[in-house]
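The next block holds one structure in the form of structure tokens; read it before the comments.
Values in this text are rule-based calculations from the coordinates and carry no lab data. Note that the coordinates shown come from a computational prediction; the quantities given were computed from them, not determined experimentally. Please note: Cβ atoms are built from the backbone with ideal geometry, for glycine as well, and neighbour counts cover all protein chains shown.
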Amino acid sequence: MNQKNLTILGCTGSIGVSTLEVVRQFPDRFEVAALAAGRNITLLREQIEEFCPRLVSVMDEELADKLSQSLRDLNTPPQIVFGPEGYKRVATIPEAEMLVSAMVGAAGLLPTLAAIEAGKHIALANKETLVIAGEIVMALAAEKNVRILPVDSEHSAIFQSLQGNHRSALKRILLTASGGPFFNKGAEELEKVTPEAALCHPNWSMGRKITIDSATLMNKGLEVIEARWLFDVPVDQIAVHIHPESIIHSMVEYIDGSVIAQLGMPDMKIPIAYALSYPDRIPVQGPHLDLFRLGKLTFYPPDMEKFPCLRLAYDASKKGSTLPAVLNAANEVAVHSFLDGQIGFSDIPYLIETTMNKHKASGSLTLERIIEADRWAREEAGRLAQSLSKR
Ligand SMILES: NC(=O)C1=CN([C@@H]2O[C@H](COP(=O)(O)OP(=O)(O)OC[C@H]3O[C@@H](n4cnc5c(N)ncnc54)[C@H](OP(=O)(O)O)[C@@H]3O)[C@@H](O)[C@H]2O)C=CC1
Ligand SMILES: CC(=O)[C@@H](O)[C@H](O)COP(=O)(O)O
Ligand SMILES: [Mn+2]
């Protein structure tokens, strides 16, 4: 069997670690050409020893030096690079045919674009890439004949539910959401919730940023925009359904009234394995669904008054241009400020909306304008977070 050669951005994160677990389970199918992490060189060193990549990148030169020192005892240590250029080299390493894009936040955009430019297929976890630059990313992927295979569980479910049907028969996408840890809390209670409580997702174990996004429902907002670009469907044909059990990962409704869904245990190894092996399926290890034990599945409409982040994402997507990049950057700043104890939970949507209202989009959409809007929004939202913290 031909081994598929992978490069993984964000290898030390939740998705990166699950991806390497899939690789570990199927050594005849996958090998690792290159890895990129941020700052966690302790875990990265272990991964290098086990998976033997040829090229590795970290965030800065100091970390690269430390990592090189710690690898002196290896017989064939990888080349270590760093920073934006290092990430680009990892993303474009000639040996790899597929990039797993699993950094968190807007940091994933440029290396993912570089990989597409170099003709790599993309297993996409980093939803922010499509939120901020979906039009540019999908156009480049089409031009380069590159597949964007969704890793995000909902988008993997939609992708699977679309197989074998004509796109002209699609009526709506039904995007499921757990509702997060505060689904049953009142608006006043939300003002007092702590980062610790917000980090307790009811069903999924994930990185800190996406876990807070799930609690504010911004994760679902980002996923609406991600689905809009991945499947070329207007956002008003994408309806969020709160489904607290996280068993149906999303659904597609067709013009004849049929609804096709993908179900499974909440385990990211399933959509990761599907993206890596598509169009094959591989017997990834993990508990399988037992519907008798579950008994029932429930659904509720989302409350966009109580969780304004979802409304803001629909607004940003409808207005388009650089506004989704502003939404995303302000959200990243707000989430970090909340985790640092600088602002409260209910300040998150306030900070994002205030930043969005100040933004003036102009001209046609280019990568340069997106990067400038991202920079502007981080500065603006950072100032606002500071003023809120002084209250
Ligand atoms: N976790 C999940 O189940 C799911 C995640 N996703 C998406 O996948 C992406 C990754 O999420 P998740 O794995 O949870 O996140 P984590 O926070 O667990 O991991 C993030 C990874 O990115 C690296 N990283 C962080 N900041 C930077 C930076 N500025 N430059 C370079 N590398 C950086 C981290 O490195 P280090 O730790 O070494 O500093 C780490 O390897 C997100 O976009 C998320 O929305 C989508 C669906 C499900
Ligand atoms: C696993 C995954 O894909 C996450 O995006 C997950 O869906 C988050 O759960 P919420 O539905 O609570 O946002
Ligand atoms: Mn998801």
Mean separation of Cα contacts under 8 Å, 6 or more apart, over the residue count of the stretch 320-391: relative contact order %: 48 percent
Given the options Ala325, Ala275, Ala114, state which has the largest fluctuation in a GNM of the chain using a 10 Å cut-off (strictly under) for Cα springs. Ala114
Considering only Cα-Cα distances, which of the following residue pairs are longer than 22 Å: Lys88/Lys144; Lys171/Lys318; Lys318/Lys358; Lys144/Lys171; Lys88/Lys127; Lys318/Lys360? Lys144/Lys171
The extension gain from Arg167 to Lys319, computed as 0.36 nm times the residue separation minus the Cα-Cα distance, is 52.2 nm
Most mobile of Asn145, Asn75, Asn203 in a GNM of the chain (Cα contacts under 10 Å): Asn75
Treat the count of other C-beta atoms within 10 Å as a stand-in for reagent exposure and order Val100, Val259, Val137 from fewest to most. Val259, Val137, Val100
If R₀ is 45 angstrom, what is the calculated FRET efficiency for the pair Leu294 and Glu50, using the beta carbon separation as r and rounding to 0.05? 0.80
Compute the length gained on full extension between Leu140 and Glu188: take 0.36 nm times their separation in residues and subtract their Cα-Cα distance, giving the result in nm to one decimal. 12.8 nm
Could you work out Rg/(2.2 N^0.38 Å) for the chain, with Rg from alpha carbons only? 0.96
Anyone know which of Lys144, Lys360, Lys319 comes out most mobile in the 10 Å Cα GNM of the chain? Lys360
In range of the label at Val259: residues from the stretch 208-249 whose backbone nitrogen is under 15 Å from the point 7 Å along Cα→Cβ: 238-249
How much length is gained on full extension from Thr42 to Leu339, taking 0.36 nm per residue of separation minus their Cα-Cα distance? 104.6 nm
Under 8 Å for C-alpha pairs, at least 6 residues apart: give me the relative contact order for the chain, rounded to a whole percent. 14 percent
Restricting to the chain, what percent of DSSP beta bridges are antiparallel, rounded to 5? 25 percent
